[in-house]
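Heads up, the thing below is written out as structure tokens.
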Amino acid sequence: MKTIQAYRFALDLTPGQQRDVYAHVGASRVAHNWALARVKAVMEQRRAERSYGVPDDLLTPSLSWSLAGLRKAWNAVKPDVAPWWAEVSKEAFNTGLDALARGLSNWADSRRGVRAGRPVGFPRFKSRRRTTPSVRFTTGAIRVEPDRMHVVLPRLGRLKLHESARKLARRLEAGTARIMSATVRRDGARWHVSFTVEVERAGRAPARPDAVVGVDLGIKHLAVLSTGELVDNPRHLAAAQTRLRALGRSLSRKTGPDRRTGRRPSKRWERASARLGRAHARVANLRRDGLHKLSTRLTREYGTVVVEDLNVAGMLANRRLARHICDAGFAEIRRQLAYKTGWNGGRLLNADRWYPSSKTCSGCGAVKAKLALSEREYLCQACGLVLDRDRNASLNLAALAAQFDTAGSGPVAARGADRKTRVRGQEAVKREPGNAIAGQTGTVLPQHRAIDRVPTKAH
Ligand SMILES: [Zn+2]
């Protein structure tokens, strides 16, 4: 099974190496901004000419928006625009032009309505202050040194790693991996190199192929499993967040930069800002670590994992819930479960967004009309069952897997049937995005139709 995977390692760059990377980042930005200005100028020119009644075949020729087209245009002008061009790798310019080509095509697709998701704006100029420094190498000498503590990249040369690259090196030595590109990037206060690698993965089977686990992603706990297990949020996360707030307050009391008056930030502000950046990075690391550990454990053990297809974008519009949901990384863990079930030979089932997993009684199947978020205990009026709210939801999710299997006809047939309900539900999202929490809005669906198979990424 061939998959594309990323391997990311922290770097220890010397000040000289950092300067070299910044030179490449700057070069990437120059190429990006030059090409964007050219694209805009040509668009303006053609628009003006059209308004004068110039026939289409006499208009200023349009500029190709493909990477190859942009690169050709850039190579023609680089001696004039960037006389220092030979000092950096051509991959630096390629990074900037590639970002622009993607941005333009995303914008065009979004405008034509062939791109899913929220509308994409027209590409904007990159600024030195606001853009995350990053440069990507796709050709040339990219390798991990035999000591596994250094990597070699074109132009930048031999860079020291902060951690061992043994996991990638082992695969490279065994011939089951091929590096396709390497990106050097500053995340927070630290530099990382991220390799995009084509990996030949051995097929695996989950430890318990027939076992099913329902996962209710929570706010208080990271997850509640249908086995009754409560998965806690990563340790130290709450402490790190308290520190984050304190650092944010501290920063706001110091003299920051002001663009209007041109005021420069104070040294104390800069130090506080760096501290805050590091604290943010730590929170993100703790969270990512917790999510990865959970998703790996679940996909290695259970043949079937059932989660709720929460409308994360809709939930984030609800500000009171937003921070907690961001923290828990709902969307991220479902993404991880999707590809990891693929790696481990399991499957991920997604309960429909409108399936009332919280409101259904896991004992008798009765569905409540209302269940406030504050009700932490599920109390069934029909059979008298009393159970933790999240535990009840996870049991319902696990039970869905059995219904999916006995229904047998698969998701395609099931889908057509509930089309009408679906559309009504989506209208509800548009009216009040903040309230579109699964199990709280929408119509109750017949259970065997409330399930859908997720296409896993890796095959
Ligand atoms: Zn009941």
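The values are calculated or read from the model by the stated rules, or taken from the named source; none is laboratory data. All values derive from a computational prediction rather than experimental measurement. Don't worry about glycine lacking a Cβ; one is built from the backbone with ideal geometry, like all the others, and counts go over all protein chains shown.
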Filter pass, Gly342 being at positive phi and more than 16 Å from the ligand (Cβ to nearest atom): no
Selected residue (only one of Lys420, Lys430, Lys370 is at pLDDT 75 or above and either within 16 Å of the ligand (Cβ to nearest atom) or assigned to a helix (DSSP H, G or I) (or both)): Lys370
Some residue of segment 88-106 being within 23 Å of the chain's Cα centre (by Cα), within 23 Å of Val193 (Cβ to Cβ) and of a type in the set (Ser, Thr, Tyr): yes
Verdict on Val54 being among the β-branched types (Val, Ile, Thr) and assigned to a helix (DSSP H, G or I): no
Selected residue [at pLDDT 90 or above, surrounded by 13 or more Cβ atoms within 10 Å (Cβ to Cβ) and touching a Ser or Thr at 6+ places or on another chain (Cβ under 7 Å)] from Ser250, Ser226, Ser266, Ser273: Ser266
Residues of segment 128-156 satisfying the condition of being surrounded by fewer than 18 Cβ atoms within 10 Å (Cβ to Cβ), of a type in the set (Gly, Ala, Ser) and in contact (Cβ under 8 Å) with a residue 24 or more places away in the chain: Gly140
Any pair with Cβ under 6 angstrom, 6 or more apart, that starts in segment 358-375 at a residue that is in contact (Cβ under 8 Å) with a residue 24 or more places away in the chain and ends at one that is away from the ligand (no atom under 11 Å from the Cβ) and among the hydroxyl-bearing types (Ser, Thr, Tyr): Leu371/Ser358
Selection from segment 229-247 of residues that are more than 19 Å from Glu377 (Cβ to Cβ) and surrounded by 14 or more Cβ atoms within 10 Å (Cβ to Cβ): Val231, Asn233, Pro234, Leu237, Ala240, Gln241, Arg243, Leu244, Leu247
Filtered residues of segment 32-63 (kept if modelled with pLDDT of 90 or more, touching a helix residue (DSSP H, G or I) at 6+ places or on another chain (Cβ under 7 Å) and not hydrophobic (A, V, I, L, M, F, W, C)): His32, Arg38
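Here is a yes/no grid of residues against (1) touching a residue at least 24 places away in the same chain (Cβ under 8 Å); (2) under 25 Å from Gln17 (Cα atoms); (3) not polar (S, T, N, Q):
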{"site": "Arg47", "(1), (2), (3)": "no, no, yes"}
{"site": "Arg50", "(1), (2), (3)": "no, no, yes"}
{"site": "Leu59", "(1), (2), (3)": "no, no, yes"}
{"site": "Ala68", "(1), (2), (3)": "no, no, yes"}
{"site": "Trp74", "(1), (2), (3)": "yes, no, yes"}
{"site": "Ser89", "(1), (2), (3)": "yes, yes, no"}
{"site": "Ala92", "(1), (2), (3)": "yes, yes, yes"}
{"site": "Ala99", "(1), (2), (3)": "yes, yes, yes"}
Any hit, segment 388-410, residues being touching a Cys at 6+ places or on another chain (Cβ under 9 Å), within 14 Å of the ligand (Cβ to nearest atom) and closer than 23 Å to Asp232 by Cα: yes
Yes/no for Arg186 being of a type in the set (D, E, K, R), closer than 23 Å to Lys2 by Cβ and within 26 Å of the chain's Cα centre (by Cα): no
Test: residue in segment 61-81 that is part of a helix (DSSP H, G or I), surrounded by fewer than 12 Cβ atoms within 10 Å (Cβ to Cβ) and under 32 Å from the mean Cα position of the chain (by Cα): yes
Selection status of Val306, over 25 Å from Arg204 (Cβ atoms) and either more than 16 Å from the ligand (Cβ to nearest atom) or modelled with pLDDT of 85 or more (or both): no
Those strands (runs of 3 or more DSSP E) lying entirely in segment 165-276 with at least 1 residues in contact with a Lys or Arg (Cβ under 7 Å, 6 or more places away or on another chain): 177-187, 190-200, 223-225
From Ala92, Ala99, Ala27, Ala23, residue being closer than 30 Å to Leu168 by Cα, of a type in the set (A, V, I, L, M), assigned to a helix (DSSP H, G or I) and in contact with a Ser or Thr (Cβ under 7 Å, 6 or more places away or on another chain): Ala92
Residue pairs meeting the criteria (Cβ under 7 Å; at least 6 apart or on separate chains; first under 10 Å from Gly218 (Cβ atoms), in segment 380-397; second within 12 Å of the ligand (Cβ to nearest atom)): Arg389/Tyr378
Total residues in segment 351-367, condition more than 13 Å from the ligand (Cβ to nearest atom) and among the polar types (S, T, N, Q): 2
Residues that are among the small types (Gly, Ala, Ser) and buried (at least 21 other Cβ atoms within 10 Å of the Cβ), drawn from segment 358-406: Ser358, Ser362, Ala393, Ser394, Ala398, Ala401
Any hit, segment 193-203, residues being farther than 30 Å from Gly346 by Cα and in contact with a Leu (Cβ under 9 Å, 6 or more places away or on another chain): yes
